[in-house]
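J.: Structure incoming, see below.
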Amino acid sequence: MSSRDKILAAVAQNKPEAKPLPNIAPFKEIGYTDIIGQYEAVLTAIGGKVHRVSNWDEVKTIVKEKYNAQNVRVLSLVPELDDVATSAYEINPAAHHLADVELALIKAHFGVAENGSVWVTEELLGHRAVPFICQHLAAVITASNLVDTMHRAYMRIGSETYGWGAFIAGPSKTADIEQSLVLGAHGPRSMTVFILQD
């Protein structure tokens, strides 16, 4: 038995008993009268951008206007946006093959108005490094897939089966060094969310 196996066996042996999740039913009553407006206000406040769009062509127009420079790698994991991508997505790429991605276009399962985040899982990303290794990140959600609070978000994903998932909100930022805010220190320098009207 390797050292790793010994450690994992010891952890498994000393795992505490499972406890039921707390009752979060009272939080169901919390909500926003304008959920899209709330989402937009929060994401904008934390450094992100929101575009309300009515169709895929509007998304393509915005992407082309912003990322029309030559030699810029635009990667799409959204079939509807494949024609604005400059690079095809390889199946199961190594993370270092994604290092030069300027813009990654992804879909998200839903967004959370309370904190301006989107919920993504491996099935949407191909490689889990995609939303963190790119210079700029753009996610597409539908308006009907916005929830008010994290409580409702956890109720939605609580019974789902997925290997890996993350809530992503805004560009990467840190102010650890000299209390100076730096964007893109350990992730994308910008995050844009397209809210597609149903």
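J.: With a 1.4 Å probe and all protein chains left in place, how much accessible area per residue does the range 1-64 have, in Å²?
T.: 78
J.: Which is the longest run of the chain containing none of the GluC sites (Glu not before Pro) found in DSSP loop states (not H, G, I, E, B) with at most 15 other C-beta atoms within 10 Å?
T.: Counting at most 15 other Cβ atoms within 10 Å as exposed, the longest clean stretch of the chain is 18-89.
J.: List the lysines whose Cα sits under 23 Å from the Cα of Lys107, skipping any in the same chain fewer than 8 residues away.
T.: Cross-link targets: Lys49, Lys60, Lys64, Lys66, Lys173.
J.: Another one. Over the range 94-143, give the accessible area per residue in Å² for a 1.4 Å probe, as an integer.
T.: 32
J.: Say we join alpha carbon atoms closer than 10 Å with springs in a Gaussian network model of the chain; which of His109, His97, His127 then has the biggest fluctuation?
T.: Top of the fluctuation ranking is His97.
J.: Quick check: net charge around Gly47, other residues with Cβ under 14 Å of its Cβ, Lys/Arg +1 and Asp/Glu -1?
T.: Cβ neighbours under 14 Å give a net charge of +2.
J.: Once both labels are modelled 7 Å past Cα along the beta-carbon direction, what's the His96-Tyr32 spacing in nm?
T.: 4.2
J.: With percent of Cα pairs over 30 Å apart defined as stated, name the option among (i) 30; (ii) 19; (iii) 13 computed from the structure displayed.
T.: (i)
J.: I've got another one for you. Under a plain spin-label model, where a point goes 7 Å from the Cα along Cα-to-Cβ, how far apart in nm are Arg156 and Asn71?
T.: Between Arg156 and Asn71, the simple spin-label model gives 4.1 nm.
J.: When DSSP beta bridges are limited to those with both residues in the chain, what percentage is antiparallel, rounded to the nearest 5?
T.: So the antiparallel bridges in the chain amount to around 25 percent.
J.: Considering only protein heavy atoms and a 1.4 Å probe, what is the carbon-and-sulfur percentage of the accessible area of the range 29-110?
T.: 50
J.: How high is the relative contact order of the range 94-198, given as a whole-number percent (alpha carbon pairs under 8 Å, six or more residues apart)?
T.: Computed over the range 94-198, the figure is 32 percent.
The values are calculated or read from the model by the stated rules, or taken from the named source; none is laboratory data. All values reported here derive from a predicted model rather than from experimental measurement. Please note: Cβ atoms are built from the backbone with ideal geometry, for glycine as well, and neighbour counts cover all protein chains shown. Ligands, DNA and RNA are stripped out before the accessible areas are found, and what is left, the full protein with its side chains, is counted by its heavy atoms. Shrake-Rupley method; radii C 1.70, N 1.55, O 1.52, S 1.80 Å.
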